[in-house]
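Data block below; observations after.
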Amino acid sequence: MSTDDRGTHDHDHDHEHPGTTPDVNETGYYELMAEAMKELLIEKGVVSADDVRRNLEFLDSRDPVDGGRVIAKAWTDPDFKKRLLEDGTAAVGEMGLTMGDAELVVVENTDDVHNMIVCTLCSCYPRTLLGLPPDWYKSKSYRSRAVVEPRAVLREFGTEVPDDMTVRVHDSNADMRYLVLPKQPEGTEDWPAEKLAEIVSRDAMVGVVLPEA
């Protein structure tokens, strides 16, 4: 699900930076629920303890570097970029990367549109490409405010979006994960993909900051 904020009004309320105010109680609640679900599935024989261990080890080994490689390839390979925007799951599969049971949808930042990602229900996130989500992404503050006042949230990350640019918020879920394809910074057009990947941060692929050369 995606929503637009056309920037017709501003918000002047005082807010703490979402990156420093995770809702500890709520985060703990979801962790307890996940642990209980894991134990139940093991008890019922749906999965084994070894299956869970291997999956957790795989997720723990993931790193935003993989997402950065995807973005850098899209910047340097127009054909790959086209495939990535048409079918993100298949395109990252070409690079040996997997989305597990989820579908990947890649959304492109342009001169007219800025995209950002949230999961309003819990913390659905492209973990196989970016690793574990940061605390601020899981916080109640970010999950609720990103949809209602995305420009205010972006400002707290130091990202100013022009009033005439649309801010589009994409709500991830259990079946679908979003990834932002940021605009390539000016002056990097001749950079090799390996160097470009180094300037693509996790937060840029979530859409709360812009990559900088």
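Is it the case, given these coordinates, that LYS140 is without any contact (Cβ under 8 Å) to a residue 12 or more places away in the chain and surrounded by fewer than 18 Cβ atoms within 10 Å (Cβ to Cβ)?
no
Taking the condition of a type in the set (A, V, I, L, M), in contact with a Lys or Arg (Cβ under 6 Å, 6 or more places away or on another chain) and crowded, with 20+ Cβ neighbours inside 10 Å, does LEU154 pass?
no
Check whether at least one residue in the stretch 158-178 is within 20 Å of MET1 (Cα to Cα), in contact (Cβ under 8 Å) with a residue 12 or more places away in the chain, of a type in the set (Asp, Glu) and in contact with a helix residue (DSSP H, G or I) (Cβ under 6 Å, 6 or more places away or on another chain), and report yes or no.
For the stretch 158-178, residues within 20 Å of MET1 (Cα to Cα), in contact (Cβ under 8 Å) with a residue 12 or more places away in the chain, of a type in the set (Asp, Glu) and in contact with a helix residue (DSSP H, G or I) (Cβ under 6 Å, 6 or more places away or on another chain): absent.
Only one of (1) modelled with pLDDT of 95 or more; (2) within 15 Å of ALA174 (Cα to Cα) is not met by PRO150, so which one is it?
In the conditions (1) modelled with pLDDT of 95 or more; (2) within 15 Å of ALA174 (Cα to Cα), PRO150 misses (2) alone.
Considering the stretch 166-213 alone, what residues qualify as being among the β-branched types (Val, Ile, Thr) and in contact with a His (Cβ under 8 Å, 6 or more places away or on another chain)?
THR166, VAL167
Hey, any hits in the stretch 57-74 for a residue that's modelled with pLDDT under 85, surrounded by 17 or more Cβ atoms within 10 Å (Cβ to Cβ) and either within 15 Å of the chain's Cα centre (by Cα) or not polar (S, T, N, Q) (or both)?
Yes.
Restricting attention to the stretch 104-138, report how many residues are over 28 Å from GLU198 (Cβ atoms) and touching an Asp or Glu at 6+ places or on another chain (Cβ under 9 Å).
Residues flagged as over 28 Å from GLU198 (Cβ atoms) and touching an Asp or Glu at 6+ places or on another chain (Cβ under 9 Å) within the stretch 104-138 amount to 2.
Answer yes or no: is there a residue in the stretch 163-171 that is surrounded by fewer than 19 Cβ atoms within 10 Å (Cβ to Cβ), under 13 Å from the mean Cα position of the chain (by Cα) and at pLDDT 95 or above.
yes
Would you mind finding the one in VAL113, VAL208, VAL180, VAL200 that is within 23 Å of PHE80 (Cβ to Cβ) and under 11 Å from the mean Cα position of the chain (by Cα)?
Result: VAL180 is the single residue among VAL113, VAL208, VAL180, VAL200 that is within 23 Å of PHE80 (Cβ to Cβ) and under 11 Å from the mean Cα position of the chain (by Cα).
If I ask for residues that are touching a helix residue (DSSP H, G or I) at 6+ places or on another chain (Cβ under 6 Å), in a helix (DSSP H, G or I) and buried (at least 18 other Cβ atoms within 10 Å of the Cβ), which ones from the stretch 77-103 would you list?
Correct list: LYS81, LEU84, ALA91, VAL92.
The values are calculated or read from the model by the stated rules, or taken from the named source; none is laboratory data. These numbers were taken from a predicted model, which means no experiment stands behind them. Counting neighbours? That spans all protein chains shown, and the Cβs are built from the backbone with ideal geometry, glycine included.
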